[in-house]
Amino acid sequence: MDVIAEADVIEKKRRKPYWRETKMLAFGTLILPGILMLVLPFWSDELAGPTIIGFPVGFALAAHAVILVAVAAVARFILRQNEIDHWHGAHEDH
Amino acid sequence: MALEQRVQLPAANTAIYLGIFASAFVGLALLLLVLGELGEGGSSTLLSLALAPVAVYLLIGFMARAHVPEDFFVAGRSIPAIYQGLAATVATLGGVGTVALTGAFFFLGFDALPFSIGLMLGLLATSILVAPYVRKDGSYTLASYLGRRFDSRPLRAMLGVAMTVPALFILIAELKIGMALTSRALGVSELLVVGLGGVVVATVAGLGGVRSLTWAGAAQALIALLALITPAVILALLLTNLPLPQITYGTLADDVARLEASAGITARIVSKLAISQPGGDPELLLKPFMQPFGATGSYGFAALMLTVALGVVSLPALGTRASACRSVFEVRRAMGWTVVLTAGVLLTLPALALFARYEILSGLAGLTADQIPAWLGEAARIGLASFETQGGVIALDQLRFQRDGVLLLLPMASGLPPVLVMVALAGAIAAVLAAATAQTQALAALWVEDIVFAWSEIGSQPALRLAAGRGAAVGAALLGTWLAASVSADPLALFTWALALAAAAAFAPLVMCVWWKRINQWGAMAGLLVGFGTALFLLLLTLAGALPAVFERSGAFATVIAVPLATVTALVVSLLTPRPDRRMLELVRDIRVPSGETVYERELRLARIGKR
């Protein structure tokens, strides 16, 4: 009847701390970069004057910084989540 | 016999094959370049550059054909991360994200950024919130994933129907872009082009489903990336002395601003709610490239950004790709590659657009009517541009360009050899085919797994399922081709409406099903019905012309209304109805942990021994 028990690789009592850390990482990775990505473009009006390597700073924030924030966030997420998986024995054999 | 049928393309060899393919393409381009300089090789030899890769995609599709449903629907769960990343990048961007988006940057400059920011945010959210859990569940479609998660076949069938709409919209949009661009560039009829495109899509998707389309997609990604990066690097070297277009195009900003001023393109102020998307006909340049919020207001900008982000998370074609990866860890890596490669493309597109503005405006400034360059005459003849002369001089403020033609006009206007125009066309064809095939397969999987076989035992009748999958793929490709040839709609508008509808239908249940374990099937179903119903209602009202102009040509405000409504509905209905039972909670806890066999395989195994 209990279909889960047979494939229960990670012990039940270890699931809670694993999920807590995973959740913190997910929200940590999404909230700060997410807010940055959503908010940076709206400073471009004020920062249209000063330039950096030719770009108005506001444009560079929206066109370059936002994209680099996402790349950094996803890289950190992958590395950290893998650590969490291994620490709690929730990783796959590969 | 059975063993022979399951031979996989080994990954190490695949890298070599793809390397040979890319080198052969570059070699052919260089050969044609030399022939062109020698005065040999007319337009018919150039044609081989656009068409030869298509033959290779067909060959790859044939080599990777599927023999069992697992190959057809999830590529035998065997795709290494980097190839999945390549294929997912080109299939997500497609012709809309390369050809049309370059055009949008050309017209709007800063105001086209909601697309790139939304795409990045959406991919980031997919890799964290959705994709790893879809892989652990192991389902063939997002609808079966949610159906299994909530143990509800009606929910599965409803999602199967709802998800059909956005997938079909994007399929039509992609085929329309490919049709318009290729037929104009090669001077052949639109029907012939879209027919051939439909045949290629049907063949690749029908032969091998996800397996064929992922390996063909990796090859298509190489061509599409090469086609975008080559002109950008050459022009960056010529115009800014450094072959890094992504960071050097700013040095041209002052020159472009001067040219814009002389062409009468001045800063504009629009309503905060305004959303501007250039359409299908040749249009005037709207606003200075660097000016923020001159065509799309700041609220419109935010709404469009959110639509793209939430829509990317909910697209049926992207989430399902996770199931084709080897493991949950590989899914995260594949999504990481997707984010990195997409970032590379999205940093390059504005550079191409700015170079195009610079080359076109500086090349045409002050020319008299008898000095009209050959490329402009040619572009006007095939409907990619139009111009007027005033007092014997080309009027810069009357120059009109067609959005999707900008990528082809750039090498023409900068005086680059015609080979590069063909390379750009080959890249556009690759991107269009990759996205169209992915959507076709998503449609086939939804129809077969979630509608036809929704009520049958898991994994039953494999031969019939495979045959139905092939038939559905061919049917979806034909339907898409027919609609692309007969419906008149702008591809970019179709794309944003597809994202809005996908987000409205699936975003709330898709994210909540892992991250809020109290949600039950009633909540998910109510969220789906309310969200999708609202978005569809707004779309129909827009088509009837009953809504203000801000809704026209973009579903952005539909998302802003429908997604929160769907989320609140799912929350309230879940809380008002009984808690999910113990089995369901165990299932969620299981999906959350990467290790162990997939839920799909466990259920299949239990069904086989008749235990469930």
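Within the P(r) computed for the range B:127-184, what percentage of the Cα pairs occupies the region above 18 Å? Walk me through the numbers before you get to the answer.
Values: 851 of 1653 pairs.
In whole percent, the long-distance tail amounts to 51.
Give me a single rounded figure for B:172-179: the average over its residues of other chain Cβ atoms within 10 Å of their Cβ.
Mean number of neighbouring Cβ atoms from other chains: 0.
Which value in deg cm²/dmol, rounded to the nearest 500, describes the helix-derived mean residue ellipticity at 222 nm for chain B, given -39,500 (n - 2.57) per DSSP H run of n ≥ 4 and division by the residue count?
My calculation for chain B gives -23000 deg cm²/dmol from helical runs alone.
In which sequence would B:Thr496, B:Thr598, B:Thr389 go, from the one with the fewest C-beta neighbours within 10 Å to the one with the most?
Fewest-to-most ranking of B:Thr496, B:Thr598, B:Thr389: B:Thr389, B:Thr598, B:Thr496.
Alpha carbon centre of the range B:566-612 versus the range A:31-76: separation in Å?
Using only Cα atoms, the two centres lie 39 Å from each other.
Based only on other Cβ atoms within 10 Å, what is the fewest-to-most ordering of A:Glu83, A:Glu21? Present the calculation step by step, with values, prior to reporting the outcome.
Numbers: A:Glu83 13, A:Glu21 18.
So the ranking, lowest neighbour count to highest, is A:Glu83, A:Glu21.
Take the Cα pairs of the range B:71-223, get the Kirkwood Rh, then feed it into Stokes-Einstein at 20 °C and 1.002 mPa s and tell me D in µm²/s.
122
Round to a whole angstrom and tell me the spacing of the C-alpha centers of the range B:407-482 and the range B:151-201.
The range B:407-482 and the range B:151-201 have Cα centres spaced 7 Å from each other.
Could you list the square roots of 5 times each eigenvalue of the Cα gyration tensor of the range B:409-480, that is, the equivalent ellipsoid semi-axes, sorted largest first and rounded to whole Å? Intermediate values should be presented prior to the final figure.
Values: eigenvalues 342, 17, 14 Å².
Working from the Cα gyration tensor, I get semi-axes of 41, 9, 8 Å.
Where the convex hull is taken over the Cα atoms of chain B, what is its projected area averaged over directions, in nm²?
Numbers: hull surface 108.8 nm².
Value for chain B: 27.2 nm².
Taking the simple approach of a point 7 Å from Cα along Cα-to-Cβ for both A:Lys16 and B:Phe62, what is their distance in nm?
Going by the 7 Å Cα→Cβ label model, 6.0 nm.
Kindly give the semi-axes, whole Å and largest first, of the ellipsoid equivalent to the range B:177-332, taking each as the square root of 5 times a Cα gyration tensor eigenvalue.
Each semi-axis is the square root of five times an eigenvalue, giving 35, 23, 21 Å.
Arrange B:Cys325, B:Cys513 by Cβ neighbour counts within 10 Å, fewest through most, would you?
Taking fewest neighbouring Cβ atoms as first place, the list is B:Cys513, B:Cys325.
Report Rg (one decimal) and Dmax (nearest whole number) for the range B:303-422, counting Cα atoms only, units Å.
For the range B:303-422, the Cα-based Rg and Dmax read 20.7, 67 Å.
Normalising by the residue count of chain A, find the relative contact order in percent from Cα pairs under 8 Å and 6+ residues apart.
RCO, chain A: 34 percent.
Mind jotting down the three principal axis lengths of the range B:454-598 based on Cα atoms? Whole angstrom, largest first.
49, 43, 26
How large is the translational diffusion coefficient of the protein assembly as shown in µm² per second when you combine the Kirkwood radius over alpha carbon pairs with Stokes-Einstein at 25 °C and 0.890 mPa s? The partial results should precede the final answer.
Numbers: Rh = 25.7 Å.
Once the numbers are plugged in, D ends up at 96 µm²/s.
On average, how much area does the Cα convex hull of chain A cover when viewed from any direction, in nm²? Intermediate values should be presented prior to the final figure.
Values: hull surface 35.2 nm².
Its Cα hull, projected and averaged over all orientations, spans 8.8 nm².
Under the √(5λ) rule applied to the eigenvalues of the Cα gyration tensor, what semi-axes describe the equivalent ellipsoid of the range B:252-292? Give them in Å, descending.
On the way: eigenvalues 79, 40, 15 Å².
Result for the range B:252-292: semi-axes of 20, 14, 9 Å.
Step through the table entries B:Lys136/B:Lys517; B:Lys272/B:Lys517; A:Lys12/B:Lys517; B:Lys176/B:Lys272, compare each Cα-Cα distance with 27 Å, and write down the pairs that go over it.
Distance filter (> 27 Å) returns B:Lys272/B:Lys517; B:Lys176/B:Lys272.
Bear in mind these aren't lab numbers, they're just calculated from the coordinates by the rules spelled out. Everything numeric in this text was worked out from a predicted model, so none of it was measured. Positions of Cβ are generated from backbone atoms using ideal geometry, with glycine treated the same way; all protein chains shown enter the neighbour counts.
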